[in-house]
Amino acid sequence: MQATRVKTNRRRQNRIQAVLPVRVRGTDASGASFEGLAHTLDLTPTGVRLGAIRHQLKALDTLTILYHQRRMEFTVVWTKLLNGTGEHQVGLQAFSQEKEVWEMSLFNSSAQPLTRASAISGAA
């Protein structure tokens, strides 16, 4: 018998693309504390992908993200160095799921992702 590979989608939740400015605090891979500006690339109710991270991080590091008056704790799940830029993208998982973390409704009652425009305007 020949073994077959089944390609599975590892994504457990839908995500929406949204570029929001955030402040990031944490400790980089060398153990140095840092604070800097970054931005979101996409969001889920329990996670976020960030861009413009200028520090090398490693999986399981803890980051604090400040967005408006909110402070949220995340665990680094993965990192990716963008070629030739010195910038990293990082995938983060929230310590706890908070409702309306990003001050917009990510999902309507039927669990379908909203577009950024409809989330801001309040249309469903």
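The values are calculated or read from the model by the stated rules, or taken from the named source; none is laboratory data. In this text, all values refer to a predicted model and were calculated from it rather than measured experimentally. Cβ placement follows ideal geometry from the backbone for every residue including glycine, while neighbour counts extend to all protein chains displayed.
Computed quantities for the displayed model
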{"item": "Conditions (1) modelled with pLDDT of 95 or more; (2) more than 16 Å from the chain's Cα centre (by Cα); number of the one not met by ALA111", "result": "(1)"}
{"item": "Residue list for the range 63-76, restricted to those being under 14 Å from ASP28 (Cα atoms) and among the aliphatic types (A, V, I, L, M)", "result": "LEU63, VAL76"}
{"item": "The range 58-80 residues that are under 19 Å from ALA32 (Cβ atoms), paired with ones that are assigned to a strand (DSSP E or B) and acidic (Asp, Glu) (beta carbon under 6 Å, 6 or more apart)", "result": "THR64/GLU73"}
{"item": "Single residue of GLU73, GLU87, GLU100 found to be surrounded by fewer than 11 Cβ atoms within 10 Å (Cβ to Cβ), modelled with pLDDT of 60 or more and acidic (Asp, Glu)", "result": "GLU100"}
{"item": "Any hit, the range 30-41, residues being touching a Leu at 6+ places or on another chain (Cβ under 6 Å) and either assigned to a strand (DSSP E or B) or in contact (Cβ under 8 Å) with a residue 12 or more places away in the chain (or both)", "result": "yes"}
{"item": "Residues of the range 45-67 satisfying the condition of being in a strand (DSSP E or B) and out of contact with any His (no Cβ under 9 Å at 6 or more places or on another chain)", "result": "GLY47, VAL48, ARG49, THR62, LEU63, THR64, ILE65, LEU66, TYR67"}
